[in-house]
Each structure stands twice: as C-alpha cells, then as structure tokens.
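As structure tokens, the structure follows; a few thoughts come after it.
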Amino acid sequence: MSDPSKYPQPAAPNPDTDAYAHESELEAHLQTKRMYINMGPSHPAMHGTVRMKVELEGETIVKADPEIGFLHRGFQKSCENVTWTQCLPYTDRLNYNSAMMNNFGFLNAVEKLIGLEIPERAKFIRVIGSELHRMHDHLTCVGATALELGGFAPFLYSIEGRELIMDRVTELTGARLTTSYGRVGGLNRDLPEGWIAKTIKSLDKIKELLVEVEGLLMKNRIFVDRMKGTGVLSAEDALDFGFTGPCLRAAGIDYDLRKAKPYWVYNQLDFDVPVGEHGDNYDRYIMRLEELKQSDRIIRQALEKIPTGPIIVDDWRIALPPKPEVYGTIEGVMSHFKLVMEGIPVPPGEVYDCTEASNGELGWYLVSDGRGRPYKCHVRAPGFPILSAIPHIIEGKMLADLIPTFDMINMIGGEVEQ
C-alpha cells in the first residue's frame, strides 16, 4: 500500500482564503425572493374546503393567511326561513362527523327557550348518541393525522373503529351520516331491539383497535418528532383566541362543559377530563386518545343506567301526535297539520345555550318572535376561533409543521363557514 505521508495533504479551510471570500461575495449578490404558494381549497392536507395562502422564506413560513368562504351555505338565513324542526338537517351539516351533537345542541337551546323538560330516557339516549359521535369525530381526526404523516396502518385501524360506530348510528337513526335524529321535546325513535348488546360489542372491538393505534404511533420516532414541540400555543394565548375543547385542554386549561355546566345526565356519570401541559400537537393528539377512552366509559354507564319510559314529551303542541290519532281523530289531524305547516309556537324571547361538542363549545343564540320559525339563529362553532389562531401558531415555523398542526386543530369547513 502507498504511504499517504508521501503526498501533500490539503490545507485546513481558512475563512480568510480567496475561495471563501469569493463564495461570500456570490451569496451577497445572489438574487432570492420569497415563494407564495396556495394550499387548498382542494388539497389532501387541508381538511375542509379552505385555502391557505402561505408565504415562504425557504421552508420557513413567513406569513399564513387562511381564507374561508368556499363552502358558505347561508346557515343562519336558511334556518330563519323554515320551522324550528326543519332546521335540523342544516345543523347536521355543520359538522358531519358528529351530526347528533349538532342536532341535540340546537334542540337543547330551543327547549330552554320554551322552558321544556324532556323525558329522562331521552336525556340518556342523547348522551349516548353524542358520545358515539365524539368517538366518531376523534377516530377520524387521529386516523387522518396518522395518514398524512405517513402512517397508513393506524389510519386503517381508526377507520375500522369509525365504521363500527357508523353501523350503530345507522341502526339507531336510520341514516349513516346526517341523522336528523332529535326532535324538540325528545327523539325521533327509541333504541332498536338488540342495539345495546351490539353497541357494547362494538366498543370492545374499538378498545382493541385503539391499542394497535397507540402502539404504532406513540413509539414511532417519525410521528413523535413531527408532533412534539410543533404547533405550540400557550394557555394564555389559547384563552385569548377563544379556544375550547381538546385544543384548550391540551394547553393546560381544565374546562369541559360536561363538568362545568352539566346538562342532560352527565352529572350522574363518572368520567375524567384529560388535561395536557405543553399545548403542542402531541398533547392535542393525546387529548383525543384519552377522550375516546372516557367516551367509552360514559356510554357503558349510560347503557347500564338507562331507564324505561317515553322518548318524547306527550304534548301535541310540540310533538307530532301518534299516527292512529292522526288517522282516527280530528284533534290529531289538526295538531299534525299545524305543526308541519306552521311549526312549534316557541314563546317570544332570546337564549344562548351551549354543549361540549367534539371540538369544543358549540353555542346557539336563538331569538323567537312567537312564530313557528326562528327570528334569528346563530351558531358559535368551536372551529372558527381555533382556525383564526393558525397564523399565530405557524408563522416562523417550517412548512412541514403546518400539516400536523392543521390536522390537530381538526378544522371542519361546515361549521366554520356556516
């Protein structure tokens, strides 16, 4: 072998040499400019039809501007031109991942405006339906996030769990996605025969699937590195922006309407509210995993405690008469006709009421002038203030960090744009 010492070795780099000086001079005169890109309104990473105008310096986001309006359907004015009951299909489409929550939240506000107490069995079924759809929403969010960060297997497990819930929801409501299941004063129909046993079996399977999802993601270096320390928002900023739900709790704020302002029968059920520490994407992911487990606890308790009895009030001024009464009595015909054609005569007044939806506080401001349709119907959707914080969260960070951040805020176009 040849002896390397016989050959001259290159000198160590010196910043003062001509080569380095020439390179610095080239950089000084190099013409660069920022890049402007559009993410959306049709883009796999942009959940919902939203456009993100992003200004880049290399791969660093200098400015991000979310632009909504592509999905706007005029929810408020649509509701003001139909009866109170006919608003339900519009509420379904605010968040199509948790339609029953929208139904029941709206109905809760209407019932509060009337001063109406619904039957105890109806309260239990509303809790069960809401928690099923919370699980449906969280499974979709966790699965989609895993997929967009390269995890196809966790996505399949999550969607398998979501499909099990969809099967139970279809049996319960008669519809797979947009349910229109609730009614002012209660519900459209009772639990089907054998449904409780099927639901418990589905929950058992989902619990097994979640073990697989956790094992695949929480020990995956790529997933953890892209989630931890990205999309950080402090507790103070989260409150300033109006965050609620898992995104607020991930920042360390213990606030859940099911505990802070119990409604239906949540005060009769035992469950915990998970709270994070760092306010980053990883904590938001953990919040949803833990809430899936708590929803499982709530549903099992509610199914065990559910009483017998009616599922809607027996008041023909509010609920449609039974079909034999409609077909066999003049009073039934008249009540049916007036409710369908004129709507429920809600007393004049205004109300704000809210429930804990899958993404946070779902609030309703309703005004009645005494007619059978809303004078004003406005929804405080949880996604809007969370989306408004995206520029604050992501500016100065890498473009790659926008993907898990947008996933974990779980922006739903229907409720943001109403």
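The values are calculated or read from the model by the stated rules, or taken from the named source; none is laboratory data. Bear in mind that the values here come from a model prediction, so they are computed numbers and not experimental data. In this analysis, Cβ positions are derived from the backbone assuming ideal geometry, glycine residues included, and neighbour counts consider all displayed protein chains.
Restricting attention to the range 264-281, the residues that are within 17 Å of the chain's Cα centre (by Cα) and either assigned to a helix (DSSP H, G or I) or crowded, with 20+ Cβ neighbours inside 10 Å (or both) total 1. Determine, yes or no, whether VAL50 is farther than 30 Å from ARG371 by Cβ, in contact with a helix residue (DSSP H, G or I) (Cβ under 7 Å, 6 or more places away or on another chain) and either modelled with pLDDT of 95 or more or of a type in the set (Phe, Trp, Tyr) (or both). Against the criterion (farther than 30 Å from ARG371 by Cβ, in contact with a helix residue (DSSP H, G or I) (Cβ under 7 Å, 6 or more places away or on another chain) and either modelled with pLDDT of 95 or more or of a type in the set (Phe, Trp, Tyr) (or both)), VAL50 does not qualify. Residues in the range 326-355 that are free of Cβ contacts under 8 Å to residues at least 12 places away in the same chain and either surrounded by 16 or more Cβ atoms within 10 Å (Cβ to Cβ) or of a type in the set (S, T, N, Q) (or both): VAL326, THR329. When ALA238, ALA251 are checked against the criterion of being small (Gly, Ala, Ser) and in contact with a Phe, Trp or Tyr (Cβ under 9 Å, 6 or more places away or on another chain), a single residue qualifies: ALA251. Can you name every one of the strands (runs of 3 or more DSSP E) wholly within the range 314-418 that holds 1 or more residues which are under 30 Å from ALA64 (Cβ atoms), modelled with pLDDT of 95 or more and in contact with a Pro (Cβ under 7 Å, 6 or more places away or on another chain)? The strands (runs of 3 or more DSSP E) meeting that bar are 349-357, 360-368.
Does the range 157-178 hold any residues that are free of Cβ contacts under 8 Å to residues at least 60 places away in the same chain and of a type in the set (Val, Ile, Thr), and which are they? Within the range 157-178, ILE159, ILE165, THR170 meet the criteria.
Of the candidates ALA64, ALA28, ALA11, ALA19, the single residue that is outside any helix (DSSP H, G or I), modelled with pLDDT under 80 and either among the aliphatic types (A, V, I, L, M) or in contact with a Pro (Cβ under 8 Å, 6 or more places away or on another chain) (or both) is ALA11.
Residue count for the range 47-84 under the criterion of being buried (at least 22 other Cβ atoms within 10 Å of the Cβ) and farther than 20 Å from PHE406 by Cβ: the result is 2. Filtered by the rule that a residue be farther than 30 Å from LEU113 by Cβ and either among the polar types (S, T, N, Q) or surrounded by fewer than 17 Cβ atoms within 10 Å (Cβ to Cβ) (or both), the range 167-194 gives ASP167, THR170, GLU171, ARG176, PRO192, GLU193, GLY194. Considering the conditions (1) within 19 Å of MET135 (Cα to Cα); (2) free of Cβ contacts under 8 Å to residues at least 40 places away in the same chain; (3) out of contact with any Pro (no Cβ under 6 Å at 6 or more places or on another chain); (4) not hydrophobic (A, V, I, L, M, F, W, C), TYR285 is excluded by exactly one of them, (2). Checking each residue in the range 303-318 for being of a type outside the set (Phe, Trp, Tyr) and in contact with a Ser or Thr (Cβ under 9 Å, 6 or more places away or on another chain) picks out LEU303, ARG317. Taking the range 213-229 as the search range and keeping residues that are more than 12 Å from ASP280 (Cα to Cα) and touching a residue at least 12 places away in the same chain (Cβ under 8 Å), which one is surrounded by the fewest Cβ atoms within 10 Å (Cβ to Cβ)? Checked the range 213-229; the qualifying residue surrounded by the fewest Cβ atoms within 10 Å (Cβ to Cβ) is ILE222.
I'd like the residue in the range 230-247 that is crowded, with 21+ Cβ neighbours inside 10 Å and of a type in the set (A, V, I, L, M, F, W, C) and, out of all such residues, is nearest to the chain's Cα centre (by Cα). Once the filter is applied, the top-ranked residue is CYS247.
The residue of the range 38-63 that is farthest from VAL142 (Cα to Cα), among those that are of a type in the set (A, V, I, L, M, F, W, C) and out of contact with any Lys or Arg (no Cβ under 9 Å at 6 or more places or on another chain), is MET52.
State whether the residues of the range 248-263 include one that is in a helix (DSSP H, G or I), within 18 Å of the chain's Cα centre (by Cα) and more than 27 Å from ILE125 (Cα to Cα). Yes; the residues of the range 248-263 include at least one that is in a helix (DSSP H, G or I), within 18 Å of the chain's Cα centre (by Cα) and more than 27 Å from ILE125 (Cα to Cα).
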